[in-house]
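The values are calculated or read from the model by the stated rules, or taken from the named source; none is laboratory data. Model, not experiment: these values are computed from the prediction. Quick reminder, even Gly has a Cβ in these numbers, built from the backbone with ideal geometry, and neighbours come from all protein chains shown.
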Amino acid sequence: MSSPEPAVRFLVGPVLVARVAAQRACRVPGVAGLRPDLAQALLGFAGSVLGQDRDRLPSGGVAATVDGGRAQVALTIVTWLGHNCRDLAQAVQREVGEAVTDYTGLEVQVQVTIADVLLGDRDPQERDRMQSAQSPPPGVR
Amino acid sequence: MAVNRGTGTGVEQDGAEPIELLACGRDAAQVWDHAARSELDEHERGCPHCAAAGADARTLDRLVHRMAAEPLAPPPSVMDQVMGAVLAELRPPDLLSLASPYGPARLSRPAAAAVLRHVVDRVGGMQARSCRIAPLAEAGGTGPTAVLVAMTVTAQFGVDLASVSARVRQLLVAAGEQALGIPVCRVDIDIVDVFDDTTPRGNRS
């Protein structure tokens, strides 16, 4: 007769939450990148010069706290002109919240700040979509 | 590397991780030390395994010294990122609220103003100078905060000021909703100067 399996409890740390949130936020269409604060930028600068932490997921631009079963995530993002800022912020909140909850089981509130809107170059993903829509499919003349 | 990890000739030292010896039985670390000090003994000078370990040590030494002598050149984007973070840290947060059912969402007011100036700059006959965005008091407290946009512009000499101003006003209201997601309930336009279209843009005051 086998003994019952021991219960497993795990605690999720804020760094993990921040990395998951950053990973998911960068994949939301319209997000040009995350804007790290001064401390994160300096740490990233030191890491890039020293060649450290290459295999870690980035978390710059994200601040996360975990309290019991709840997490709070604050993201600072940059977008391109052409994406509605309100809709983008809502999409990031929704997608990041779902991703963190799915991965950790935590109840999450996501706060988004759009720090900048890039005016010069348009979203490369959008540009690729436009180009593929304008060019005929292969074999069509 | 000359360190042989497949021979199973490891030696335990005080319960620490076993030391992997060379095939000849010598400790590679000691051979490296002797090679660095140019103090190889008779066996180490004649043994191919020790010679290989010594060559590794000299190669690594050359590499380390060459890398240490190279000037550090961070990627070009790093300085921009750091300076952007420094400036953002120094400036007090200046944010506009965005409507969202999922929690707090905000937009940098300078970024929003830059978008609206960009929209006006693309209108023929007008160039934006300054743009101020001020939130108006919420009527019911539940909907998104509408804003007042006050902009100063310069007009091209000879254009119909009334019609161009009306067009700019329409564009600002549309850009507020479509680009920013913020309702613009009032637009004030101050035309503060005129420019000659033949004057290069950089020379305009």
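Brief remarks on what is shown
- Residue A:90 within 12 Å of another protein chain (Cβ to nearest Cβ) and modelled with pLDDT of 95 or more: yes
- The criterion of at least 1 residues that are at pLDDT 90 or above and within 24 Å of the chain's Cα centre (by Cα) is met by the following helices (runs of 4 or more DSSP H) wholly inside region B:36-149: B:109-121.
- Qualifying residue in region A:70-87 (condition: at pLDDT 90 or above, crowded, with 20+ Cβ neighbours inside 10 Å and in a helix (DSSP H, G or I)): yes
- Scanning region A:9-55 for residues that are at pLDDT 90 or above and in a helix (DSSP H, G or I) yields a count of 12.
- For the criterion of being at pLDDT 90 or above and within 14 Å of chain A (Cβ to nearest Cβ), residue B:153 fails.
- Among the residues making up region B:96-120, those that are more than 7 Å from chain A (Cβ to nearest Cβ) and in contact with a strand residue (DSSP E or B) (Cβ under 9 Å, 6 or more places away or on another chain) are B:96, B:97, B:109, B:110, B:112, B:113, B:116, B:117, B:119, B:120.
- Hits in region B:121-135 (condition: of a type outside the set (D, E, K, R) and in contact with a strand residue (DSSP E or B) (Cβ under 7 Å, 6 or more places away or on another chain)): B:125, B:126, B:127, B:128, B:130, B:131, B:133, B:134, B:135
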